[in-house]
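The values are calculated or read from the model by the stated rules, or taken from the named source; none is laboratory data. It should be emphasised that the depicted structure is a prediction, and the values quoted were computed from it without experimental measurement. Please note: Cβ atoms are built from the backbone with ideal geometry, for glycine as well, and neighbour counts cover all protein chains shown. Ligands, DNA and RNA are stripped out before the accessible areas are found, and what is left, the full protein with its side chains, is counted by its heavy atoms. Shrake-Rupley method; radii C 1.70, N 1.55, O 1.52, S 1.80 Å.
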Amino acid sequence: ALQFPVKLLEGTKRPHFLRGDASNPVHLWVWKADLEEQGKRSVEEAIARGWKQPMKPQDEKQQLVRGKAQWKEGRWSVVMKRALVTADGNGVQFVPGAFVPMAINVWDGSNGEHGLLMAVSAWHYVFLEAPTPVRVYGYTGFAVLLTGVLGFGLMKKAQRSNS
């Protein structure tokens, strides 16, 4: 599962890393291997309000994340996909230039892990770089051209004064 805050908090504040809390819920993107193997929709979006409460799946129309997985050489490779910004503004919004906290939960079902018995990461950050505006390249080209013209002019002036 990928875990994101439902709303970004000020400064360095983040929800509790283990499923948030009542005041600071988290948005979970949960992938399930058994559903993948059955050819069913394998990613479910849910809201969690702390480890004491079960996560609450979102309505079907709010299930925007799609997943695709592959079992190869004894490992699953999973890709979850969704628009960076949602039309309704619900869930995590990936805006270029903003740090978005993300934590990861992993279950090893063959080791008996289920429910809250899992590996949990600390918060990490997803950062999408804002694209460089085209005008920056124009300013750079203009500065190089201006430097060349001024340098050439100074060189000619120095040659005339030496003559």
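Between Ala130 and Met155, what is 0.36 nm times their sequence separation minus the Cα-Cα distance? Round to one decimal in nm. It would help to have the intermediate numbers written out before the result.
On the way: separation 25, 0.36 × 25 = 9.00 nm, distance 4.05 nm.
Full extension of this stretch gives 5.0 nm more.
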Pairs of Lys in the chain closer than 14 Å at Cα, counting only those 8 or more apart or on different chains: 4
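Once Rh is set to the Kirkwood radius over Cα pairs, what Stokes-Einstein translational diffusion coefficient, in µm²/s, holds for the chain at a temperature of 10 °C and a viscosity of 1.306 mPa s? Walk me through the numbers on the way to the answer.
On the way: Rh = 19.4 Å.
Answer from the Stokes-Einstein relation: 82 µm²/s.
Pick out, in residue order, every one of the trypsin sites (Lys or Arg not before Pro) in region 30-136 that is DSSP loop and has at most 10 other C-beta atoms within 10 Å; say none if there are none.
On the way: sites: Lys32, Lys40, Arg41, Arg49, Lys52, Lys61, Arg66, Lys68, Lys72, Arg75, Lys81, Arg82, Arg135; in loops: Lys32, Lys40, Arg41, Arg49, Lys52, Arg82.
Hits after loop and neighbour filter: Lys40, Lys52.
Carbon-plus-sulfur fraction of the accessible area of region 1-69, 1.4 Å probe, in percent?
Numbers: 2180 of 4230 Å².
Answer for region 1-69: carbon and sulfur cover 52 percent of the accessible area.
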Accessible surface, the chain, averaged per residue in Å² (probe 1.4 Å): 71 Å²
Where GluC sites (Glu not before Pro) in DSSP loops with at most 10 other Cβ within 10 Å are excluded, longest remaining stretch of the chain: 11-72
Contour minus Cα-Cα distance for Glu37 and Leu84 (0.36 nm per residue): 14.2 nm
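Where nothing but the Cβ of Lys and Arg (+1) and of Asp and Glu (-1) is charged, how large is the charge dipole of the chain around its Cα centre, in debye to the nearest 20?
Numbers: 21 positive and 14 negative charges, 174 e Å.
Charge dipole of the chain: 840 debye, to the nearest 20.
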Where only alpha carbons of region 97-138 are counted, the Rg and the Dmax (Å): 18.6, 59
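Want the number for Val100 to Asn24: 0.36 nm per residue separation, take away the alpha-carbon distance, what's left? Could you put the intermediate results ahead of the total?
Details: separation 76, 0.36 × 76 = 27.36 nm, distance 1.46 nm.
Once the chain is fully extended between Val100 and Asn24, it gains 25.9 nm.
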Near-label residues of region 126-154 by backbone N, under 18 Å of a point 7 Å along Cα→Cβ of Ser163: 152-154
Inter-label distance, nm, simple model (7 Å from Cα along the C-beta direction), Lys68/Val6: 3.2 nm
Pairwise centroid distance, computed over Cα atoms, of region 115-139 with region 1-55, Å: 18 Å
